[in-house]
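Quick notes on the structure that follows.
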């Protein structure tokens, strides 16, 4: 029997994880509302990917609890896996196949009734219809990433983890992926996005958490985070603090 839906899609309390003497997560608390985009912001080594791997049941936490879509990640791993999709830092598309063939293949692996219709719908949603018959190896970086995200949505999961989805992409490709992420949220999907790009979190997220040295040190909307700094000084123009200002202030650098 599936668990009833709750207003919170992801609920994390006191999560800890160490690798021998290296303490990666030191008591992480998070709550992500359904249908929202939540950005987990942090430098390399802050623990972002480790947290996502625990939430997607690929790693076991040393302590603490976590629920995804109402399922406990430790005790109900199968329920979690049936509720999520995970897109890693590198696009996992088959370059030999066309964009449409990649999507049809995944739909068949899920035993969906009409794989072609599923593929065509996702190609349309992610503005890839014109390139549908081209080999994925000929796609630009942004197109490959959009196809990768589309492939993760074949089974229509309620929760999607995007682990640094624009790492290594040029500015234009990054904007293309941002639009794809917005499309997800507009369709009611909950998105947990990890990134080290401050502008990315600023552009996309309903809420932002900064993970630093294994702990969430601030968590709020962009406006709430801006209020952590003194009011803007008025000289010739008023400059609101950027997310970069907030990030550097709270991590102490």
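Values as computed for the structure displayed
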item: Cα-based Rg and Dmax for the chain, where Dmax is the largest Cα-Cα distance (Å); result: 18.9, 63
item: Shape metrics for the stretch 146-253, restricted to C-alpha atoms - Rg then Dmax, Å; result: 15.7, 53
item: Centre separation in Å (Cα based) which lies between the stretch 177-253 and the stretch 103-146; result: 31 Å
item: Approximate shape of the stretch 162-213 as ellipsoid semi-axes (Cα gyration tensor, √5λ), whole Å, largest first; result: 17, 16, 9
item: Measure of compaction for the stretch 1-125 (Cα Rg per 2.2 N^0.38 Å); result: 1.24
item: Relative compactness, the stretch 121-165, computed as alpha-carbon Rg over 2.2 N^0.38 Å; result: 1.16
item: Cα principal axis extents for the stretch 114-202, largest first, Å; result: 39, 30, 16
item: Between 0 and 90°, nearest 10: helix 115-125 axis offset from the chain longest Cα axis; result: 40 degrees
item: GNM flexibility winner over the chain from 33, 209, 137 (Cα, springs under 10 Å); result: 137
item: Calculated SAXS-style log₁₀ I(q)/I(0) at q = 0.15 Å⁻¹ - the stretch 1-61, Debye, Cα scatterers; result: -0.51
item: Using alpha-carbon coordinates, inclination of helix 141-152 to the longest axis of the chain, degrees; result: 80 degrees
item: The stretch 59-165 pair-distance distribution - Cα-Cα, 5 Å bins, rounded %; result: 2, 13, 21, 20, 18, 11, 7, 6, 2, 0
item: Scattering curve values for the stretch 104-144, log₁₀ I(q)/I(0), Debye with Cα scatterers, q = 0.25 Å⁻¹; result: -0.89
item: Rounded to 10°, Cα long-axis angle of helix 171-186 versus longest principal axis of the chain; result: 80 degrees
item: Highest-fluctuation residue, 123, 222, 112 considered, GNM on the chain with Cα pairs under 10 Å; result: 112
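Quick note: the coordinates plus some simple rules give every number you see, no bench work behind them. Remember, predicted model here, so these are calculated numbers, not experimental data.
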